[in-house]
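Below you'll find the structure, written out as structure tokens, and then a few comments.
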Amino acid sequence: MTADDYKAIVTKIYANTESVSVYGGEDTSPPQYGRVFISIKPKNGKYLSQIEKIELKNKLKRYTVAGILPNIIDLKYLYVEMDSSVYYNANATNSINALKTEIVNTLDTYSRSSELNTFGARFKFSKALNLIDKTDSAITSNITRISMRRDLRPALADLATYELCYGNAFNVNSLNGYNIKSSGFTVSGISGTVYLSDIPNADRKSGRVILFKLLASNQVAVVRNNIGTIDYTKGEILLNALIITSTVLSTDQPLVQISGTPKSYDVIGLQDLYLQLDNSNSLVTMVSDTISSGADISGSNYVVSSSFPNGRDDRESPLVRGVPQYSTITGTEAYTVQEVDTSYATTYTTSTTFNSSEVTSNSINGGY
């Protein structure tokens, strides 16, 4: 049986199927021969219930080829976020707010299109830029930055490991690290809010994940120097066992958002990744094009927008997601303070302070 055969069968036996992804175990890493993985997006809701998965698995037994074990797995949402600086001719519009609303509506329409919201979908960067430019004749250009995000839903108060697959390579901007960023959370044994980031290895293909506190917008205290690994090429983050006790963000359940810049701005929903454009976490900033309007034909006062990701407004540190939660260091914690320059040419000035008992404890625990 082929993947298309399984797709046809799932659609037949489960009428509530909106989209389905099927791939063989030979395509996983490491390979799992003799297995086929099926992920389903229901029409109503985000995930299949446990009862639905059991019923589907029982129905699939009638079609199963000898030696092939079907596995119904939860889909994983991969979110694309846009940060657009949109330039406009002030002489060609009566209302900046109305123009911005038009752009947001355009992106909302694209976010609901059949090109997204499915397995195997591809966010087409050039198309998104073109849609913005064509929204209104007053728009002269746009500078848009892209990030991709996965949401970690922790088992609170339980010792657990976590794996987040993005299916797209990460861009490694700096060997000094801080290429990924997270929303805040708390862990057992450390006071205050902590965040995740990364330090690449010399080959830029992989690196380690660190845990830090935010002391100021560009100042961090690294409290755990190695809590997992990141594979930049595969787009995969693995976190060692830790106990997450709470999260800053909470919708239907606690979550930690973890994002990074993709190596390609054309983002693909690979295998069981269900691709969505998240406009609720996207940003549109209107910028007056003073050259086009004739107010500054020499360009002396032209506002330049960076093409590289950074903090998006005064409320956000470029190192973390969301409103920063600043912390202090207690006298019993080991840490490394880093002053981080998050411009494109990232540099650091570091100083280290240790508490002897903490250093001994960390060494016994393998640095964790």
Selected residue (only one of Arg224, Arg145 is touching a strand residue (DSSP E or B) at 6+ places or on another chain (Cβ under 7 Å), at pLDDT below 95 and not assigned by TED's automatic domain parsing to the domain that holds Thr336): Arg145
Meets criteria (surrounded by fewer than 17 Cβ atoms within 10 Å (Cβ to Cβ) and under 29 Å from Lys7 (Cα atoms)) for Arg150: no
Strands (runs of 3 or more DSSP E) contained entirely in the stretch 51-156, each with at least 2 residues that are in contact (Cβ under 8 Å) with a residue 12 or more places away in the chain and either among the aromatic types (Phe, Trp, Tyr) or under 28 Å from Ser307 (Cα atoms) (or both): 76-88, 139-152
Test: residue in the stretch 173-195 that is farther than 19 Å from Thr245 by Cα and surrounded by fewer than 18 Cβ atoms within 10 Å (Cβ to Cβ): yes
In the stretch 84-133, the residues that are surrounded by 15 or more Cβ atoms within 10 Å (Cβ to Cβ), among the basic types (Lys, Arg) and over 15 Å from Tyr265 (Cα atoms): Lys100
Matching option when the condition is assigned to a loop (DSSP other than H, G, I, E, B), at pLDDT below 80 and in the same structural domain as Gly189 (by TED's automatic domain parsing), among Gly331, Gly299, Gly311: Gly331
Cβ pairs under 9 Å, 6+ apart, first in the stretch 323-336 and more than 12 Å from Leu215 (Cα to Cα) and surrounded by fewer than 17 Cβ atoms within 10 Å (Cβ to Cβ), second at pLDDT below 75 and of a type in the set (Lys, Arg): Val323/Arg315
Complete set of residues in the stretch 1-38 that are surrounded by 15 or more Cβ atoms within 10 Å (Cβ to Cβ) and among the basic types (Lys, Arg): Lys7, Arg35
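The values are calculated or read from the model by the stated rules, or taken from the named source; none is laboratory data. Given the structure is predicted, the values throughout are model-derived calculations rather than measurements. Every residue, glycine as well, gets a Cβ built from its backbone with ideal geometry; the counts of neighbours run over all protein chains shown.
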